[in-house]
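This report concerns only the one structure given below.
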Amino acid sequence: MSKKSKEKFEVVEGETIDACLDRIKAAGYFPVRRTEEPIFAEKIENGKVQYVPVDRKIVFEVKLIE
């Protein structure tokens, strides 16, 4: 079974970025791009809806080490 040449790895809850990078390296890939997406929560205050950032999602795009 051959590996994909491009893949995405997400930093899971409770995992550090270094641990994710170690997981990427152990799988035989190297990171080429890091993206962060905010995660918002809906908060109603005085009848108005506000969206407050509560967390972030970090995703690494990786390529296969040849």
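The values are calculated or read from the model by the stated rules, or taken from the named source; none is laboratory data. This one's a predicted model, so the numbers in the text were calculated from it and none came from an experiment. As a convention, Cβ positions derive from the backbone with ideal geometry for all residues, glycine included, and neighbour counts pool all protein chains shown. In case anyone asks, the SASA skips ligands and DNA or RNA and just uses the protein heavy atoms, side chains included. Shrake-Rupley method; radii C 1.70, N 1.55, O 1.52, S 1.80 Å.
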Q: Working only within the stretch 55-66, note down all residues that are at pLDDT below 95 and under 22 Å from Gly14 (Cβ atoms).
A: Asp55, Arg56
Q. Among the residues of the stretch 2-18, is there at least one that is touching a residue at least 12 places away in the same chain (Cβ under 8 Å), part of a loop (DSSP other than H, G, I, E, B) and either touching a Ser or Thr at 6+ places or on another chain (Cβ under 8 Å) or among the basic types (Lys, Arg) (or both)?
A. yes
Q: Filter the stretch 1-37 for residues that are over 26 Å from Val54 (Cα atoms), among the small types (Gly, Ala, Ser) and open to solvent by 80 Å² or more (accessible area, probe 1.4 Å) and give the result.
A: Ser2, Ala26
Q | Counted residues, the stretch 42-66 - those being closer than 20 Å to Asp18 by Cβ, in a strand (DSSP E or B) and not aromatic (Phe, Trp, Tyr) | A | 8
Q. Restricting attention to the stretch 28-49, does a residue exist that is charged (D, E, K, R) and touching a residue at least 40 places away in the same chain (Cβ under 8 Å)?
A. no
**Q.** Candidates Ile24, Ile39 - the one that is outside any strand (DSSP E or B) and in contact with a strand residue (DSSP E or B) (Cβ under 7 Å, 6 or more places away or on another chain)
**A.** Ile24
